[in-house]
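Shown next, in structure tokens, is the structure this report addresses.
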Amino acid sequence: MLRYSLVYISLAVGIACAQVPATQPVIIQNSTPLFSEDFESGQLNADVWKQEVTGNNVIKIQSDKAAHGKYALEVQCPEPSNKTWAFITTDKLPEALHQRYFGRAYMFIASQLPTRHSILVMAGTAGFPKNKYQEVASANGRWQLTYVDLTGAAMEEDYHAAGSMPYNRWFCLEWEFSDQPNHSSLWVDGQPILDTGFVSKSTKKTTDLVGGFTDYRFGFKLWGAAPAAFDLYFDDIALDTKRIGMIGATPKP
């Protein structure tokens, strides 16, 4: 179910990179976010979402496992595969989210992700898979925030890692992506995990590296082969110009 409302754009933050110490979890009582998707219609809205899938990977709305309500998105790699991805993607979002935004999604990782670089959330330009973007990813069992430019002759990236991935339970993933200046933050279950800026290795610039976020993706993309099957679930996706926070009710097991 999609919801829209007007909000004011909050002030930009600094670009210092730090692994952030734990604090008490934050539950923010926020107004209705600019964009939300809880999958409670039981199907993807074709006017908003498209699917990008390679091989035998699976994207479906199912009712066997959900954080809240009845339905959630399942994104599955059912077998070992090479150069693999499966995303739901949209470019139908408000202009207010194109330079800086906050995101929230409940996730359940049902089996351990491959140790290699695995993208879970991406926001960037058109032209996937040869585009510019920022991402929330995992690598070697840790969270990773990354800026990537695949539009030139040589790939450019800047990445930072911290924390550890939670498995076999619902958790609340929150992130912030900013393109002016280039910056990302990450929270898990209300706890700050990582806060980092990004720098272009070729130009040394720290702002407008992506050129604005127009395309948003949820699912997975692996850099390299998937040595074994794995399964992800997403629920209660929300995007806004200010931090959204956790839903008060404890997710179902």
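The values are calculated or read from the model by the stated rules, or taken from the named source; none is laboratory data. Only a predicted model underlies this, so the values are computations on that prediction, with no experimental measurement involved. Here Cβ is always computed from backbone atoms with ideal geometry, including for glycine, and neighbour counts include all displayed protein chains.
For the reader, a short list of remarks on this structure follows.
For (1) modelled with pLDDT of 95 or more; (2) among the hydroxyl-bearing types (Ser, Thr, Tyr); (3) crowded, with 20+ Cβ neighbours inside 10 Å; (4) more than 22 Å from Ala86 (Cβ to Cβ), each residue gets a yes or a no:
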| site | (1), (2), (3), (4) |
| --- | --- |
| Met122 | yes, no, yes, no |
| Asn140 | no, no, no, no |
| Ala154 | no, no, no, yes |
| Ser164 | yes, yes, no, yes |
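- Condition check for Gly211 on (1) more than 15 Å from the chain's Cα centre (by Cα); (2) over 18 Å from Leu93 (Cβ atoms); (3) not in a strand (DSSP E or B): one failure, at (2).
- Subset of the stretch 64-85 (residues that are part of a loop (DSSP other than H, G, I, E, B) and of a type outside the set (S, T, N, Q)): Asp64, Lys65, Ala66, Ala67, His68, Gly69, Lys70, Tyr71, Pro78, Glu79, Pro80, Lys83
- Positions within the stretch 208-227 being surrounded by fewer than 16 Cβ atoms within 10 Å (Cβ to Cβ), on the phi < 0 side of the Ramachandran plot and touching a strand residue (DSSP E or B) at 6+ places or on another chain (Cβ under 9 Å), in sequence order: Trp223, Ala225
- Of the residues Lys70, Lys83, the single one that is under 18 Å from Trp223 (Cα atoms), surrounded by fewer than 16 Cβ atoms within 10 Å (Cβ to Cβ) and touching a residue at least 24 places away in the same chain (Cβ under 8 Å) is Lys83.
- Any hit, the stretch 148-159, residues being touching a residue at least 40 places away in the same chain (Cβ under 8 Å), among the hydrophobic types (A, V, I, L, M, F, W, C) and under 22 Å from Leu209 (Cα atoms): no
- Tally of residues being under 19 Å from Phe171 (Cβ atoms), among the acidic types (Asp, Glu) and touching a Gly at 6+ places or on another chain (Cβ under 9 Å) across the stretch 33-78: 1
- Some residue of the stretch 101-115 being surrounded by fewer than 15 Cβ atoms within 10 Å (Cβ to Cβ), in contact with a Ser or Thr (Cβ under 6 Å, 6 or more places away or on another chain) and either in contact (Cβ under 8 Å) with a residue 60 or more places away in the chain or not in a loop (DSSP other than H, G, I, E, B) (or both): no
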